[in-house]
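Trainee: Provided herewith is a single structure, encoded as structure tokens, for subsequent inquiry.
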Amino acid sequence: IVLVISILFFRDQKEKKMIQSYIKQLTEEKVTVDDEIGKQLETRVATYQEIMGKLKQTIEIDTIFQNPEQMQQQVATHQTMLQEMEQQLALFQIDSIASLFEPKYRQQISYIRKKYEESKFYQKIEDLEEQLKKEKQRDEDITAFSSYLLNQVNNWKYFDSVLYYEKEEVGNMLKEYQSKLSFQTPIQHGVLSYTTAHIPIFMYHGVSDHVWGNASLFVSPSDFEQQMKYLSENGYTPLFMHEIEHLDNSVQKPVVITFDDGNLDVYKEAYPILKKYNIKATVFIISGYGDGVYSMTHDQAKELSDSGLISIQSHTVSHEKLANLSESEIEAQLRDSKNTLEQLTGKSVHTVAYPIGSYDKRVIEIAKKYYQYGVLMGGGTAYIHPDMSDFEIKRIGIFRNDSLSYFKSMCETAKR
């Protein structure tokens, strides 16, 4: 009897030791036991790791404003994936894990259940189930939010990475969803209805006394500072390009400051002056340039964009005369520049400045696929109104020999 009890006891201890080894390896997510149970546990660990990988494929909520309807389609696909993951999780329930051991450890089922329930891996599975529940709820909230956006399509506007609203009740709902879904897109009150205004859009190239190439394109830093000081001290409101069509009534003297080419001196000379007077400006970058000698580097352009004071927009890839190119070449210049700059800044690139002012009907039609505005090299003060040609917006060139009195006279054309 003693011998039988001893044999049973040692066999029981041996089985428990093996079970503990299985559970420990399961917790470490690396099963090395090369028997039938070990192989099945290893397969389940691989399934768990696959689920964890898929769980990272969450919906990027900040893209919802670009296409709410498309977001609903993404959510539907994501929900299908979550349902599959829920089904796979059944493999990790206590009875399912315990059943793997039954053929060999029939007497130890209650012990297996107990040890598995105490294991860190079981806690991971419970945490994973909770994460899945949260993801499902988030998907439902995103679907509801996208439906709200579609229903209120005329009461909000997404531009230059900012979400604008005019009605307070809409703003409150947007902020409620922002809190619920934790998206980072800034929400601001703005005017959504079109307004009419005469806006001088100033075109600069360089700001430096160290000139190269066409010297007339380089305004001296001292003259530039006088001009920006004048704007600051005389009630002018500098705007970004996307703000020109939706102006609050308080803006009576709107202006836009733009720079073509993305010269290095804009970063070194103009930017500190703009910062000094807190003046917004738009820099049209040639995306294929960036040598840090004549043109600012992409890192410097990103720094300007991150400041919130500078909007980085497109001046094509390589500054070709667009009207001289084939349609496929025009498309590549406009498309690739936009893609490069949006990846660089993480912000919307919505305006193109035609290099050397070269454009035709083909250029405009292709530009409409990628941009909201196209600006010319000259033409005078822009007249902003609902029926204007968004791709032939006039600008006023400011050059090295232009006097401050001339600059002031051009400013005075701003009116509402």
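The values are calculated or read from the model by the stated rules, or taken from the named source; none is laboratory data. Since this is a predicted model, take the numbers as computed values, not measurements. Neighbour counts run over all protein chains shown; Cβ positions are idealised from the backbone, glycine included. For accessibility, only protein heavy atoms count, side chains too; no ligands or nucleic acids. Shrake-Rupley method; radii C 1.70, N 1.55, O 1.52, S 1.80 Å.
Trainee: Taking the alpha-carbon centroid of each part, what is the distance from segment 249-316 to segment 102-122 in angstrom?
Mentor: About 65 Å separates the Cα centre of segment 249-316 from the one of segment 102-122.
Trainee: Tell me, Kirkwood radius of segment 18-100 from alpha-carbon pair distances, in Å?
Mentor: 14.9
Trainee: Using alpha-carbon pairs under 8 Å, 6+ residues apart, how would you state the relative contact order of the chain in percent?
Mentor: It comes to 14 percent, rounded to a whole number.
Trainee: So, one more: Enumerate by residue number the GluC sites (Glu not before Pro) in segment 290-359 meeting two conditions: DSSP loop (anything except H, G, I, E, B), and at most 14 other Cβ atoms within 10 Å of the site's Cβ. Walk me through the intermediate numbers first.
Mentor: Working: sites: Glu303, Glu320, Glu327, Glu329, Glu331, Glu342; in loops: Glu320.
Sites meeting the loop and neighbour criteria: none at all.
Trainee: Something else about it: Any idea what % of Cα-Cα pairs in segment 286-355 are farther than 19 Å? Please list the in-between numbers first.
Mentor: Values: 740 of 2415 pairs.
Tail of P(r) above 19 Å: 31 percent of Cα pairs.
Trainee: For segment 236-389, just the Cα atoms, rotate onto the principal axes and tell me the three extents in Å, largest first.
Mentor: Cα spread of segment 236-389 along its principal axes, largest to smallest: 43, 41, 26 Å.
Trainee: Given a Förster radius of 35 Å and the C-beta distance between Asn214 and Thr413 as r, what FRET efficiency does 1/(1 + (r/R0)^6) yield to the nearest 0.05?
Mentor: Calculated transfer efficiency: 0.85.
Trainee: Between His198 and Gln123, with labels modelled 7 Å along Cα→Cβ, what's the label distance in nm to one decimal, could you check?
Mentor: 7.3
Trainee: Further, regarding this structure: Scan segment 92-181 for trypsin sites (Lys or Arg not before Pro) in coil per DSSP, keeping those whose Cβ has at most 15 other Cβ atoms within 10 Å, and list them by number. Don't jump to the answer; show the numbers that get you there.
Mentor: Numbers: sites: Lys104, Arg106, Arg113, Lys114, Lys115, Lys120, Lys124, Lys133, Lys134, Lys136, Arg138, Lys157, Lys167, Lys175, Lys180; in loops: Lys104, Lys167.
Here the sparse-neighbourhood loop sites are Lys104, Lys167.
Trainee: Whenever you get a sec, line up Asp139, Asp62, Asp299 from highest to lowest accessible area (probe 1.4 Å, protein heavy atoms).
Mentor: Output order, biggest surface exposure first: Asp299, Asp62, Asp139.
Trainee: For a quick check, take a GNM of the chain with Cα springs below 10 Å and name the residue from Gln88, Gln227, Gln188 with the largest mean-square fluctuation.
Mentor: Top of the fluctuation ranking is Gln88.
Trainee: Here is a further query. Applying a 10 Å radius around every beta-carbon, put 282-290, 383-391 in order of their mean neighbour count, most first.
Mentor: Ranking, from highest mean packing down: 282-290, 383-391.
Trainee: Right, next: Considering only protein heavy atoms, with the full assembly of protein chains and a 1.4 angstrom probe, order Thr43, Thr351 by accessible area, largest first.
Mentor: Correct descending sequence by accessible area is Thr43, Thr351.
Trainee: Picking from Ile142, Ile59, Ile23, which is most flexible by a Gaussian network model of the chain using Cα springs under 10 Å?
Mentor: Of the options given, Ile23 has the highest mean-square fluctuation.
Trainee: Further, regarding this structure: Tell me the Kirkwood hydrodynamic radius of the chain in angstroms, computed as one over the mean inverse distance between distinct C-alpha pairs. Mind dumping the intermediate values first?
Mentor: Working: mean 1/r = 0.0385 Å⁻¹.
So the Kirkwood estimate lands at 26.0 Å.
Trainee: Which length gain, in nm to one decimal place, applies between Lys134 and Gln66 when the Cα-Cα distance is subtracted from 0.36 nm times their residue separation? Please report the intermediate quantities before stating the final value.
Mentor: Details: separation 68, 0.36 × 68 = 24.48 nm, distance 2.45 nm.
Full extension from Lys134 to Gln66 adds 22.0 nm.
Trainee: Report, by chain and number, residues whose modeled amide H sits under 5 Å from the one on Thr237, excluding near sequence neighbours (fewer than 5 apart, same chain).
Mentor: Distant-sequence amide H within range of Thr237: Lys253, Val255.
Trainee: What does the helix-only formula give at 222 nm for the chain: each DSSP H stretch with n ≥ 4 adding -39500 (n - 2.57), the total divided by the residues, and the result rounded to the nearest 500 deg cm²/dmol?
Mentor: -15500 deg cm²/dmol
Trainee: Now for a different question. Under a point spin-label approximation (7 Å from Cα along Cα-to-Cβ), what is the Glu392-Val153 distance to one decimal in nm?
Mentor: For Glu392 paired with Val153, the spin-label model returns 2.9 nm.
Trainee: Relative to the present Cα-Cα distance, how much length would full extension add between Ser403 and Glu365 at 0.36 nm per residue of separation?
Mentor: Once the chain is fully extended between Ser403 and Glu365, it gains 9.9 nm.
Trainee: Kindly provide the trypsin sites (Lys or Arg not before Pro) of segment 35-102 that DSSP labels as loop, not H, G, I, E or B, and whose Cβ sees at most 13 other Cβ atoms within 10 Å.
Mentor: Working: sites: Lys39, Arg44, Lys54, Lys56; in loops: Lys56.
Sites meeting the loop and neighbour criteria: Lys56.
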